[in-house]
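Notes to accompany the following structure.
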């Protein structure tokens with residue numbers, strides 16, 4: 001079944017875009033909320049959970065704003081991406097997550113992101 005993209009926006013409070021950027025773009029930051037351990041070797045990130053690991057290639061990065069990864073075992077036209085938007089008017093920080101899932105997995109995938117971002121918000125105080 002073909003995976004299709006979806007996007008979820010999370011409005012974070014009391015945060016700093018610099019802190020959020022560290023949490024979504026560095027192995028140490030990602031280890032705080034996304035995986036138990038993350039290692040980086042050039043443009044390959046290895047995410048580890050309990051007895052499993054997955055590798056993702058760093059596809060693109062706009063420092064301070066967005067980062068895109070591609071799971072090595074997924075189809076070439078898929079990715080997951082984090083994008084930070086800051087509203088000067090309201091001071092709100094929005095973290096947008098774009099991911100791909102097939103229709104039968106989309107609800108579960110979105111639930112997993114909700115849980116992960118809740119952990120990120122709790123651990124970072126945002």
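Tell me, which strands (runs of 3 or more DSSP E) lie completely within the stretch 1-59 with 2 or more residues that are within 14 Å of the chain's Cα centre (by Cα)?
Values: elements: 4-12, 37-41, 44-49.
So the answer is 4-12, 44-49.
Please go through the stretch 76-102 and pick out each residue that is assigned to a loop (DSSP other than H, G, I, E, B) and modelled with pLDDT of 90 or more. Lay out the reasoning, then the answer.
From the stretch 76-102, those assigned to a loop (DSSP other than H, G, I, E, B) are 76-79, 87-92, 102; that's our starting set.
Scanning the stretch 76-102 gives 76, 77, 78, 79, 102.
Can you go through 43, 62 and tell me which one is in contact with a strand residue (DSSP E or B) (Cβ under 7 Å, 6 or more places away or on another chain), more than 19 Å from residue 115 (Cα to Cα), loosely packed, with under 15 Cβ neighbours inside 10 Å and modelled with pLDDT of 95 or more? Break it down stepwise before answering.
On the way: 62 fails: in contact with a strand residue (DSSP E or B) (Cβ under 7 Å, 6 or more places away or on another chain).
Residue meeting the stated conditions: 43.
Any residue at all in the stretch 40-59 that's in contact with a helix residue (DSSP H, G or I) (Cβ under 6 Å, 6 or more places away or on another chain) and in contact (Cβ under 8 Å) with a residue 40 or more places away in the chain?
First, the residues of the stretch 40-59 that are in contact with a helix residue (DSSP H, G or I) (Cβ under 6 Å, 6 or more places away or on another chain): 40.
Now narrow it down to the ones that are in contact (Cβ under 8 Å) with a residue 40 or more places away in the chain: none.
No, the stretch 40-59 contains no residue that is in contact with a helix residue (DSSP H, G or I) (Cβ under 6 Å, 6 or more places away or on another chain) and in contact (Cβ under 8 Å) with a residue 40 or more places away in the chain.
Report whether or not residue 115 is free of Cβ contacts under 8 Å to residues at least 24 places away in the same chain, in contact with a helix residue (DSSP H, G or I) (Cβ under 9 Å, 6 or more places away or on another chain) and outside any loop (DSSP other than H, G, I, E, B).
Details: free of Cβ contacts under 8 Å to residues at least 24 places away in the same chain: yes; in contact with a helix residue (DSSP H, G or I) (Cβ under 9 Å, 6 or more places away or on another chain): no; outside any loop (DSSP other than H, G, I, E, B): yes.
Criteria not met by residue 115.
Restricting the stretch 66-104 to residues that are over 27 Å from residue 40 (Cα atoms) and free of Cβ contacts under 8 Å to residues at least 24 places away in the same chain, which is farthest from the chain's Cα centre (by Cα)?
Only one residue fits best here, namely 89.
The values are calculated or read from the model by the stated rules, or taken from the named source; none is laboratory data. Predicted model only: the values in this text are computed from it and were never measured. Here Cβ is always computed from backbone atoms with ideal geometry, including for glycine, and neighbour counts include all displayed protein chains.
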